[in-house]
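Following: one structure in structure tokens, then a few remarks.
The values are calculated or read from the model by the stated rules, or taken from the named source; none is laboratory data. All figures in this text were calculated on a predicted structure; none of them were measured in a lab. Using ideal geometry, Cβ is built from the backbone for each residue, glycine included, and neighbour counts are taken over all protein chains shown.
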Amino acid sequence: MTGISVVHRKTAISTPSLISLPLFGLILLVLGVVALAGAPSPAGAAGPRPEQVNPPDGPLNFDACVYLALSNSPYLKKSSLEIEIRKLDESDSRYGMIPPLTFRTYYYVNQPKGPSGITPQPYSLSFSMDPYNPLGSYFTLQAQKKVTQIAILKHLKVIAAGLRNLGNMFLDLEALKTLLAYQTEMVNLARENLVFAENRLSIGTGTSVEVKMATRELELARGEEEHLRLQQERELKHLKTYLGLKTESINLDLRDARRQVLGNFNPATATYEQAKERSYDLKILQLQLEVQGYQVLLAKAKVFPDVLFNTQTPDPLSLTNNPRGMFVGFGLQLPVWDGFKRFREVTRQKAMLKQVDAEIETKKGDFVDLWENGKGEIQETESDLKLAQIQEELTQLKARQVEVQYNSGNVLLSAYLEARKGWLEAKKITVKKTLLYHMAILKQRQLSGDLSQTYVDQNSWQN
């Protein structure tokens, strides 16, 4: 591509001694100070990110874990650093509103002689501006501001997913604690049943097969207890890693974990319209639509010519009748032939704008499906929980019936212990169904935007 520069005007400013060497050094010093002062500070480019904190004394409830995660979690740092990068890009675009100037100088050790015996200055100075498109710089800055906001929303989206993950771990640990307590009780029942079988064998009313069966049942109960304990330890280690803690142990306050994690959120009162308004995905796509709109304007701005500017002293080696002074020039640069690339770029960016608009409509449809599926999942898990509770109540009644028969001497201790075991198994199933139900509500709370809005102030991340 060929470029043409059209110089509009040149002005000569005559001075007896325009610039001396000390003044030249002063100019370089001033330029250096301005460059350093104008550079943005990387430390101040990011939004609010708490310093690394240590866990407070005493058991940690869910709110304390959220605070530690927002402060320390390595899973949230990558997206927060992306905000810093985008803010630096925005600073580049903001400084790009000022035309870039280049300073150039030559000093000739052997002083040249000018025409007619005039001795020119032994050096030349020039300030030149790169081709500058003011409209393009403005649209680039506006687009970059939107890109920074997109990075903030993506980080908030990561935080929302992280809070849900943290809530799931909290609910899971509470369920594991309850399951482990029930399984320990089942171990005690199996041990009691083994003692009963051994006593019956010793007095001749039982068989060795009964003892062997009771032994295996005790081993199974202990194995399940150990499995739950290991699962609890793994979950605790994962929680510590997620919170970014270096401590050897962690003490949690799991009392009423459902209330701690779900708060006052009621899925029955949550609305789709409110969820759509808070959706980070839809907000990001809307900003991407605005960014693409600026891309269309930027493509149009590139159709117009660039502005040129330079000011310089005469080159001592050039042949001129005016060897001293400062000459100022303005001009325009416009490509003569580029195969209509600039015009096709406008069409291309408009087509991409339509693509983003279509993606928004698709995302809205997907969001409706997510919302309805979430509601359906809550209803299904709630129905399963009610069935489990009915089954638990039924096994409890049977266990009480067998207990009465045992106390009256109508059944053996083994039958009573077996009924108690069945009741504990039903209670364990209820705990698992309750966990799934609460996780489904937590998922809907995240989708509604209530979870993120409770713990994070989006406005605090804005400039």
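The residue pairs whose first member lies in region 247-271 and is farther than 25 Å from ASP369 by Cα and in contact (Cβ under 8 Å) with a residue 60 or more places away in the chain, whose second member is of a type in the set (Asp, Glu) and surrounded by 10 or more Cβ atoms within 10 Å (Cβ to Cβ), and whose beta carbons are closer than 7 Å, counting only pairs six or more residues apart or on different chains, are LEU254/GLU174; ALA257/GLU174. Would you mind stating whether ILE378 is part of a helix (DSSP H, G or I), in contact (Cβ under 8 Å) with a residue 12 or more places away in the chain and either charged (D, E, K, R) or closer than 21 Å to ASN188 by Cβ (or both)? Judged against the criteria, ILE378 is not a match.
Among the residues of region 111-121, is there at least one that is of a type in the set (Gly, Ala, Ser), modelled with pLDDT of 95 or more and part of a helix (DSSP H, G or I)? Among the residues of region 111-121, not one is of a type in the set (Gly, Ala, Ser), modelled with pLDDT of 95 or more and part of a helix (DSSP H, G or I), which makes the answer no.
Consider THR313 carefully, then state whether it is of a type outside the set (Asp, Glu), touching a Ser or Thr at 6+ places or on another chain (Cβ under 6 Å) and over 30 Å from GLN458 (Cβ atoms). Spelling it out, THR313 is indeed of a type outside the set (Asp, Glu), touching a Ser or Thr at 6+ places or on another chain (Cβ under 6 Å) and over 30 Å from GLN458 (Cβ atoms). When region 61-88 is filtered for residues that are within 17 Å of PHE170 (Cβ to Cβ) and among the β-branched types (Val, Ile, Thr), only VAL66 remains. With respect to being acidic (Asp, Glu), over 27 Å from the mean Cα position of the chain (by Cα) and not in a loop (DSSP other than H, G, I, E, B), GLU273 falls outside the description. For region 291-313, the criterion of a residue being of a type in the set (Ser, Thr, Tyr), within 30 Å of LEU135 (Cβ to Cβ), surrounded by fewer than 19 Cβ atoms within 10 Å (Cβ to Cβ) and touching a residue at least 12 places away in the same chain (Cβ under 8 Å) is satisfied by at least one position. So which of LEU254, LEU220, LEU228 is assigned to a loop (DSSP other than H, G, I, E, B), more than 30 Å from PHE367 (Cβ to Cβ) and either in contact with a helix residue (DSSP H, G or I) (Cβ under 7 Å, 6 or more places away or on another chain) or modelled with pLDDT of 95 or more (or both)? Every option except LEU254 fails the conditions. Name the residues in region 127-163 that are of a type in the set (S, T, N, Q) and at pLDDT below 90, would you? Selection gives SER128 alone.
Pairs linking a residue in region 179-201 that is among the small types (Gly, Ala, Ser) and modelled with pLDDT under 95 to a residue that is buried (at least 17 other Cβ atoms within 10 Å of the Cβ) and outside any helix (DSSP H, G or I), with Cβ atoms under 8 Å and 6 or more positions apart or on different chains, are ALA197/GLY206. Contact map, region 203-219: first residue farther than 15 Å from GLU192 by Cβ, second residue surrounded by fewer than 18 Cβ atoms within 10 Å (Cβ to Cβ), Cβ cut-off under 7 Å, separation 6 or more or different chains; pairs are THR207/LEU201; SER208/LEU201.
Can you tell me which residue among GLY44, GLY32 is surrounded by fewer than 12 Cβ atoms within 10 Å (Cβ to Cβ), over 25 Å from THR311 (Cβ atoms), at pLDDT below 65 and small (Gly, Ala, Ser)? Exactly one residue qualifies, and that residue is GLY44. In region 156-171, is there at least one residue being over 16 Å from ILE85 (Cβ atoms), more than 21 Å from the chain's Cα centre (by Cα) and in a helix (DSSP H, G or I)? Yes, the conditions are met somewhere in region 156-171. With respect to the stated conditions, SER460 is surrounded by fewer than 20 Cβ atoms within 10 Å (Cβ to Cβ), assigned to a helix (DSSP H, G or I) and under 31 Å from the mean Cα position of the chain (by Cα). Residues in region 331-355 that are of a type in the set (A, V, I, L, M), outside any strand (DSSP E or B) and either free of Cβ contacts under 8 Å to residues at least 24 places away in the same chain or farther than 12 Å from LYS302 by Cα (or both): ALA351, MET352, LEU353.
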